[in-house]
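Asker: Would you mind keeping the following structure in view while I ask a few things?
The values are calculated or read from the model by the stated rules, or taken from the named source; none is laboratory data. These numbers come from a predicted model, not from an experiment. Cβ atoms come from the backbone with ideal geometry, glycine included; neighbour counts cover every protein chain shown. The accessibility values were calculated without ligands, DNA or RNA, using every heavy atom of the protein model including side chains. Shrake-Rupley method; radii C 1.70, N 1.55, O 1.52, S 1.80 Å.
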Amino acid sequence: MKSIWNGSTEIPNFQRLGGTRNTDVLIIGGGLAGVLCAYFLKQKGVDCILAEGGKICSGTTANTTAKITFQHGLIYHKLFKKLGAEKASMYLYANQNAVEEYNKLCRNIDCNYEIKDNYVYSLDDRSLLEKEINSLSKIGYKADFKNNLPLPFETVGAVKFSNQAQFNPLKFVSELCKDLNIFENTFIYEIRDNRALTDSGEINAKKIIVTTHFPFINKHGSYFLKLYQHRSYAIALENSPQINGMYVDENKKGISFRNYGKYLILGGGSHRTGKKGGSWNEIRDAAARFYPESNEKFHWAAQDCMSLDSIPYIGHYSKRMNDLYVATGFNKWGITSSMVSAMLLSDMVVGKKPDWAEVFNPSRSIITPQLAVNAFEATVNLLTPSTKRCPHLGCALKWNSAEHSWDCPCHGSRFSSDGILLENPSTGNIKINR
């Protein structure tokens, strides 16, 4: 299983850590958020090290659909209703800045960067689209209503954001990481004070940024309560049309569309990790119905951390941890959220804090309906009799027949059929009795 980005791009390799290193800032986790943090800190003249347990950007970054947009579904009317105009505006402003920063960086990087309009469509609920447009106007952004989309089915319309973008994320990272201080195959299994311990050495740092997708330090921040994980799936088709834009269904069960060169990428089949879902079958069935002349050339899957309120957690790891920072809970919008994280955290570690940081504060209230769902899933799966249990917090693992893996429905750790760790927050393998 290889994504379309893996199939066309080679990222530089970096050596493994050996011995003891000292640095001002340690970044743990080499996905897009971690690489961007390292890049911005280098621009600010800050000495930093990035440590990645495997190969950089080989996880969610390599398996994204790579849309650069501040249109994150129909989020703004929800933010406006729950948090008010000021915080909804903060979220919009931060993500607008992130999109503009990509625009600046990609001018000098060959990464198939293209300006495209983005659309969130609905099959049957025009009122939702109208609510979104009205809320956006109240927080200072003019979105357009669009009919007659170039999609293979009827819709009731879409909310259009002009001048968004798409790119090849691995080509972007390959250029960005060339001069960064990176160690690969350097798995950090514990932090003691300001020391990060690995099997091949240790790193002493004044400040630490955790960008490990799902935070692995359980005793601070309560991320095991605040996060859950989703699987989503994609295929790339040849002999398919150019649709001139990026399209996503407002319904989480819908299909997303975008082109990459001669390919059409369809995404969908989403489900909570450890639960049953449509997986590739759902989007392959759609491809067969809508594009019967097409041929599938690539297929891949991604895992996304979901926050309780659809806003990422970016900032201090917890209230008491002044020198420990986190970026997580990107809610399937990891491209722009990674840039927001890098902009915010690179400022925070040098003593700056933009006004819009408040909306992403990891210590904000966790009292939401999703918290009850997460607690229920954890309780049920902790009490489920099973010999195969996740070493993270002990939940019963479920077999994922589509991907041939053992998945944790509590927090999303995943293991191969042989018990090898595939996805965190677990930090170890499991034993499989044959």
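Asker: State the number of residues belonging to the stretch 397-418 that are assigned to a loop (DSSP other than H, G, I, E, B) and surrounded by fewer than 19 Cβ atoms within 10 Å (Cβ to Cβ).
Answerer: 6
Asker: Which residues, counting only those in the stretch 365-391, are without any contact (Cβ under 8 Å) to a residue 40 or more places away in the chain and in a loop (DSSP other than H, G, I, E, B)?
Answerer: S365, I367, T384, P385, S386, P391 - these are the residues of the stretch 365-391 that are without any contact (Cβ under 8 Å) to a residue 40 or more places away in the chain and in a loop (DSSP other than H, G, I, E, B).
Asker: Out of I11, I56, I need the residue that is in contact with an Asp or Glu (Cβ under 9 Å, 6 or more places away or on another chain), outside any strand (DSSP E or B) and closer than 19 Å to Y102 by Cβ. Which one?
Answerer: I56
Asker: Further, regarding this structure: Which residues, taken from the stretch 64-90, are part of a helix (DSSP H, G or I) and surrounded by 24 or more Cβ atoms within 10 Å (Cβ to Cβ)?
Answerer: Y76, A88
Asker: What pairs come up if the first residue lies in the stretch 130-143 and is farther than 7 Å from H77 by Cβ, the second is among the charged types (D, E, K, R) and open to solvent by 20 Å² or more (accessible area, probe 1.4 Å), and their beta carbons are under 9 Å apart, counting only those six or more places apart or on different chains?
Answerer: Listed by first residue and then by second, the contacts come to I133/K142; I133/D144; L136/K142; I139/E86; A143/K160.
Asker: Please work out if I217 is closer than 30 Å to Q370 by Cβ, open to solvent by less than 50 Å² (accessible area, probe 1.4 Å), in contact (Cβ under 8 Å) with a residue 60 or more places away in the chain and not in a strand (DSSP E or B).
Answerer: The answer is yes for I217.
Asker: Continuing with the same structure: Can you report the number of residues in the stretch 310-328 which are assigned to a strand (DSSP E or B) and within 13 Å of the chain's Cα centre (by Cα)?
Answerer: Total meeting the criteria: 4.
Asker: If you go through the stretch 325-339 one residue at a time, do you hit one that is small (G, A, S), surrounded by 15 or more Cβ atoms within 10 Å (Cβ to Cβ), without any contact (Cβ under 8 Å) to a residue 60 or more places away in the chain and touching a helix residue (DSSP H, G or I) at 6+ places or on another chain (Cβ under 9 Å)?
Answerer: No.
Asker: Separate question: Would you please name the residue that is surrounded by the most Cβ atoms within 10 Å (Cβ to Cβ), looking only at residues in the stretch 110-155 that are of a type in the set (A, V, I, L, M) and part of a helix (DSSP H, G or I)?
Answerer: L129
Asker: Let me ask another. Open to solvent by 40 Å² or more (accessible area, probe 1.4 Å) and in contact with a His (Cβ under 8 Å, 6 or more places away or on another chain): does that describe L421?
Answerer: No.
Asker: Check the stretch 277-295 and report whether any residue there is closer than 30 Å to P369 by Cβ, in contact with a helix residue (DSSP H, G or I) (Cβ under 7 Å, 6 or more places away or on another chain) and either part of a loop (DSSP other than H, G, I, E, B) or open to solvent by less than 30 Å² (accessible area, probe 1.4 Å) (or both).
Answerer: No.
Asker: Scan the stretch 249-265 residue by residue and report those that are within 14 Å of F153 (Cβ to Cβ), open to solvent by less than 30 Å² (accessible area, probe 1.4 Å), of a type outside the set (D, E, K, R) and in contact (Cβ under 8 Å) with a residue 60 or more places away in the chain.
Answerer: If the condition is that a residue be within 14 Å of F153 (Cβ to Cβ), open to solvent by less than 30 Å² (accessible area, probe 1.4 Å), of a type outside the set (D, E, K, R) and in contact (Cβ under 8 Å) with a residue 60 or more places away in the chain, then G254, S256, F257 are the ones that fit.
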